[in-house]
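First comes the structure, then the notes that go with it.
Taken together, the values in this text are just the output of simple stated rules run on the coordinates, not laboratory data. As the structure is a computational prediction, the values presented were derived from the model and not from experiment.
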């Protein structure tokens with residue numbers, strides 16, 4: 001599937017937001033090892049963690065495909081995406 005640069009930026013922002021949610025939950029609930037297994041807090045944290053991992057994996061796959069299609073290095077594309085995601089364009 002062909003991806004646009006704008007899609008890569010959106011994926012990066014979504015993964016970043018999901019990571020922030022994981023960190024917020026960790027701060028609110030404490031470290032995962034200290035939580036009751038199977039408790040509501042544990043399930044909420046695990047759900048957020050899985051969502052972040054899925055989004056990050058999707059972003060990495062898209063960046064790899066985009067870089068390959070553009071004949072560029074993944075590192076170069078990742079850096080460009082990170083810069084674009086950090087400073088959103090005024091629309």
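With the alpha-carbon atoms as the only input, what is the per residue convex hull volume for the chain in Å³? Can you show the working numbers first?
Details: hull volume 10.9 nm³, N = 91.
Cα-based convex hull of the chain, divided per residue, equals 120 Å³.
Between 24, 78, 59, find the one with the highest GNM mean-square fluctuation for the chain; connect C-alpha pairs within less than 10 Å.
In this elastic network of the chain, the residue with the biggest mean-square fluctuation among 24, 78, 59 is 24.
Can you give me the Cα centroid spacing of region 65-82 and region 1-26 in angstrom?
16
Using only DSSP helix segments of four residues or longer, with each worth -39500 (n - 2.57), what per-residue ellipticity at 222 nm results for the chain after dividing by its residue count and rounding to 500?
Working: 3 runs with 69 residues, N = 91.
Taking each H run of at least 4 residues, the total per residue is -26500 deg cm²/dmol.
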